[in-house]
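Structure first, then comments.
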Amino acid sequence: MLGKLATYLRMCGYDAAYAMDETGGDPGDDRLLARARDENRVLLTRDVSLAETADRSVLLAGRTPLDQLHELESVGFHVELDERPARCGSCNGEVELLPDGDPVPEYAPDPTETDLWRCRDCGQVFWRGSHWRDVESRLNDR
């Protein structure tokens, strides 16, 4: 339901778990509630009854990730891209600066021209390129 929002939140540095990442399908309300409780997470949802049942939740009305981010900002979430990536947008793993001399995938720019980061979990390589600037522009235009 909120997969794109999870990606944006990760780009803003949040540890944003997304249930569909792990299960590939709907995990069910009971599992979502238990995970949120066990991991001390705020449950973000568009489901009224689920929001009412959770210990800590934010009920979102917006349909687009940008509208949802605006709603989160209005309840105190800091919504801004960090100077350096902290989380993988794909898997939520922590990212680290790619050490000098480490192999660089062909799709990545020259590491002598721009900083590169790698996800510790899935190995994806990131940099502040056109996609980063596009998201930053969208966040600033809200």
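Some notes on this structure:
- Filtering segment 78-112 to residues that are farther than 16 Å from residue 123 by Cβ and without any contact (Cβ under 8 Å) to a residue 12 or more places away in the chain leaves 83, 100, 101, 110, 112.
- Output for segment 70-96, where each listed residue is of a type in the set (A, V, I, L, M, F, W, C) and within 16 Å of residue 3 (Cβ to Cβ): 72, 88, 91
- Residue 17 under 21 Å from residue 121 (Cα atoms) and either touching a helix residue (DSSP H, G or I) at 6+ places or on another chain (Cβ under 9 Å) or among the charged types (D, E, K, R) (or both): yes
- Of all residues in segment 90-142 being among the aromatic types (Phe, Trp, Tyr), more than 21 Å from residue 17 (Cβ to Cβ) and surrounded by 11 or more Cβ atoms within 10 Å (Cβ to Cβ), the one that is nearest to the chain's Cα centre (by Cα): 132
- Yes/no for residue 120 being at pLDDT 95 or above, over 18 Å from residue 10 (Cβ atoms) and of a type in the set (D, E, K, R): no
- Close pairs from segment 44-57: first crowded, with 17+ Cβ neighbours inside 10 Å, partner part of a loop (DSSP other than H, G, I, E, B), Cβ under 8 Å, at least 6 apart: 44/2; 44/60; 45/1; 45/2; 45/54; 45/60; 57/42
- Some residue of segment 116-124 being under 30 Å from residue 28 (Cα atoms) and among the acidic types (Asp, Glu): yes
The values are calculated or read from the model by the stated rules, or taken from the named source; none is laboratory data. Quick caveat, the model's predicted, so the values are computed rather than measured. Please note: Cβ atoms are built from the backbone with ideal geometry, for glycine as well, and neighbour counts cover all protein chains shown.
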